[in-house]
Amino acid sequence: MKAAPKVSAKRGPKAKPKPRAKPSPKPSPKPSPKSNAKSAAAFAPRLIIFDVDGVLVDVRGSFHRSIIDTVRHFTGKRVTYADIQQWKRRTGYNDDWRLTTDWVAALGHPVKYAKVKREFQRIYWGANGKRGNVWRERWLVPRRRLERWARRADLALFTGRTRRELRHTLERFGVSDLFPRIVTMDDVRNLKPHPEGLLRLLNGADPRSAIYLGDVLDDALAARRAGVPFLGVLARGSEAHRVRAAQLRRHGSRAILHSTNDLEKLWP
């Protein structure tokens with residue numbers, strides 16, 4: 001008899017190994033202002049140009065308070081500091097007199113620019129022996145720090161203030177000698193966001209050798225049109241930061257500093 005053929009046992013299909021669970025990625029830490037600034041704008045400028053209001057001087061008690069008081073004078077309505085930031089995120093309002101005039105009109109009380117300006121100036125400078133809001137200003141960068149910066153680069157100012165307003169503040173805080181190059185609204189035919197003021201300060205120099213620090217949209221636009229690198233300055237946790245930080249980044253800001261004092265973190 002023939003031996004029965006061997007029948008090999010059929011094996012079932014091999015079970016596929018279970019894929020290993022991929023470890024969930026660790027959330028990326030939020031960059032600190034220091035690391036953000038270093039990665040975004042490490043530089044060695046030969047000319048540092050500052051805007052003044054909100055960058056070197058806290059003007060909430062002076063210019064911003066004068067806006068609020070002037071709007072109330074003409075309309076009887078109480079507006080807020082937060083409301084100011086909404087106006088400041090628009091272009092064309094580096095001039096606080098123009099901003100106030102348009103705001104008064106938007107509230108249903110059209111008044112001529114010259115009349116609004118006169119009242120604003122009365123509130124800002126003071127009248128009849130009463131001190132104005134200008135005395136509420138606070139200087140933000142210590143003189144010694146500015147002196148240290150001045151040994152490494154030329155310091156200049158490009159501001160929407162008048163010469164008189166700027167001179168009063170620089171003399172009051174004892175820093176006039178640190179800014180030999182200044183452009184105010186009295187020195188140009190075209191206000192920000194036009195780059196005329198920045199181009200005058202450059203005086204033919206390579207725009208990339210400079211840096212401009214500002215806090216509003218018109219500052220960023222002027223810098224971009226002049227080809228000058230721009231840094232935004234917006235206080236941490238402020239309404240200005242909430243409203244304008246992303247906007248300034250969209251318009252070319254290399255970094256957002258929480259204080260002008262953080263500028264030193266950019267130097268190698």
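Assorted remarks:
- Only listed residue being under 23 Å from Leu248 (Cβ atoms), touching a Leu at 6+ places or on another chain (Cβ under 7 Å), surrounded by fewer than 19 Cβ atoms within 10 Å (Cβ to Cβ) and among the aliphatic types (A, V, I, L, M), chosen from Leu140, Leu213: Leu140
- Here is the figure for the range 105-133: residues that are more than 20 Å from Gly61 (Cα to Cα) and of a type in the set (Val, Ile, Thr) total 1.
- Verdict on Gly174 being surrounded by fewer than 17 Cβ atoms within 10 Å (Cβ to Cβ) and farther than 15 Å from Ile48 by Cα: yes
- Search result, residues across the range 84-98 that are within 13 Å of Ile67 (Cα to Cα), surrounded by fewer than 21 Cβ atoms within 10 Å (Cβ to Cβ) and of a type in the set (Lys, Arg): Arg98
- Given (1) surrounded by fewer than 20 Cβ atoms within 10 Å (Cβ to Cβ); (2) within 13 Å of the chain's Cα centre (by Cα); (3) outside the structural domain of Glu119 (by TED's automatic domain parsing), index of the condition Ala44 fails: (2)
- Of the residues making up the range 224-255, those that are in a helix (DSSP H, G or I), in contact with a His (Cβ under 9 Å, 6 or more places away or on another chain) and either over 20 Å from Ala82 (Cβ atoms) or hydroxyl-bearing (Ser, Thr, Tyr) (or both) number 2.
- Summed over the range 235-257, the residues that are within 12 Å of Val55 (Cβ to Cβ), in contact with a strand residue (DSSP E or B) (Cβ under 8 Å, 6 or more places away or on another chain) and surrounded by fewer than 24 Cβ atoms within 10 Å (Cβ to Cβ) give a count of 0.
The values are calculated or read from the model by the stated rules, or taken from the named source; none is laboratory data. Remember, it's a predicted structure, so these values are computed and weren't measured experimentally. Cβ: placed from backbone, ideal geometry, glycine included. Neighbour counts: every protein chain shown.
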